[in-house]
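Undergrad: I'd like to ask some things about the structure below.
The values are calculated or read from the model by the stated rules, or taken from the named source; none is laboratory data. The model shown is predicted, which means the values in this text are computed figures rather than measured ones. Quick reminder, even Gly has a Cβ in these numbers, built from the backbone with ideal geometry, and neighbours come from all protein chains shown.
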Amino acid sequence: MTQLKITQTKSVISEKQNQRDSLRTLGLKKIGQSVVREDKPEVIGLIRTVAHLVKVEEVES
């Protein structure tokens, strides 16, 4: 299955609470931090919420 590498590129200061919660759910706490998640509809929905704060790359497993 395809995996996604998600990297936080911007701060959550002055962002809405639901966007902060989405980043926490993805496992991101700091700028520059990366996590690898499976390409699932739930993860895609979280990424769409915070698309302006993260960078997403496909990673082969």
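Undergrad: Does the range 23-39 contain at least one residue that is surrounded by 15 or more Cβ atoms within 10 Å (Cβ to Cβ), in contact with a Ser or Thr (Cβ under 6 Å, 6 or more places away or on another chain) and modelled with pLDDT of 95 or more?
TA: The answer is no; no qualifying residue exists.
Undergrad: Yes or no: residue 61 free of Cβ contacts under 8 Å to residues at least 60 places away in the same chain, more than 11 Å from the chain's Cα centre (by Cα) and not in a helix (DSSP H, G or I)?
TA: no
Undergrad: Return the residues of the range 41-61 that are closer than 19 Å to residue 29 by Cβ and touching a Leu at 6+ places or on another chain (Cβ under 8 Å); say none if nothing qualifies.
TA: Selection gives 43, 46, 47, 50, 53, 54, 56.
Undergrad: Go through the residues of the range 7-19 one by one and say whether even a single one is in contact (Cβ under 8 Å) with a residue 24 or more places away in the chain, in contact with a Leu (Cβ under 7 Å, 6 or more places away or on another chain) and hydroxyl-bearing (Ser, Thr, Tyr).
TA: So far as the range 7-19 goes, yes, one or more of its residues are in contact (Cβ under 8 Å) with a residue 24 or more places away in the chain, in contact with a Leu (Cβ under 7 Å, 6 or more places away or on another chain) and hydroxyl-bearing (Ser, Thr, Tyr).
Undergrad: Sort out which residues of the range 40-61 are surrounded by 13 or more Cβ atoms within 10 Å (Cβ to Cβ) and either of a type in the set (Asp, Glu) or more than 11 Å from residue 4 (Cα to Cα) (or both), and write them in order of number.
TA: 46, 49, 50, 53, 54, listed by residue number.
Undergrad: Working only within the range 3-50, note down all residues that are touching a helix residue (DSSP H, G or I) at 6+ places or on another chain (Cβ under 6 Å), hydrophobic (A, V, I, L, M, F, W, C) and in a helix (DSSP H, G or I).
TA: 26, 46, listed by residue number.
Undergrad: Is it the case, given these coordinates, that residue 17 is surrounded by 11 or more Cβ atoms within 10 Å (Cβ to Cβ) and either over 9 Å from the mean Cα position of the chain (by Cα) or of a type in the set (A, V, I, L, M, F, W, C) (or both)? Explain how you work it out, then say what you get.
TA: On the way: surrounded by 11 or more Cβ atoms within 10 Å (Cβ to Cβ): no; either over 9 Å from the mean Cα position of the chain (by Cα) or of a type in the set (A, V, I, L, M, F, W, C) (or both): yes.
Here the answer is no, as residue 17 does not meet what is asked.
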